[in-house]
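Below is one structure, written out as structure tokens; the observations come after it.
Bear in mind that the values in this text are calculations on the coordinates, not laboratory data. What you are looking at is a predicted structure, and each value in this text was computed from that prediction instead of being measured. Reconstructed Cβ throughout: ideal geometry from the backbone, glycine too, with neighbour counts over all protein chains shown.
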Amino acid sequence: MRGLNKVTLIENVGKDPETQVLERGNCVAKFTLPTSESYKDDKGNKQTETEWHSLIAWRSLAEVAGKYLKKGSMVYVEGNIKTRSFEVKTGVKKYATEIIADSLILLDKANGKPSEITDI
């Protein structure tokens, strides 16, 4: 049996996407989405924990994200989880876990309906 690496998030964008065009002309957009979970602690007080997810979109999907997503925009994202490692200037190895977006549905309605964009 093969494994499944699939992430689905629906939330408001945490900050405006940062987009850039790389040397070979590929566009990349980076943005964040929070998800929150609430529970009652042992004293009966409501506690909320927020997890911030780093998302990466490539090519035409990145262009759409950069053009239409803004801080607070509601978006549905499908993608997969990828962890990468890198070395900082001090020589210490760090890790970053990111979600690579495969498709977006802009839930801020334009013309009365959401807009779906899939990376081809």
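Numerical summary
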| read-out | value |
| --- | --- |
| Where ILE81 falls short, out of the listed (1) under 17 Å from ASP16 (Cα atoms); (2) in contact (Cβ under 8 Å) with a residue 40 or more places away in the chain | (1) |
| Number of positions in segment 43-74 that are out of contact with any Phe, Trp or Tyr (no Cβ under 9 Å at 6 or more places or on another chain), touching a residue at least 60 places away in the same chain (Cβ under 8 Å) and assigned to a strand (DSSP E or B) | 2 |
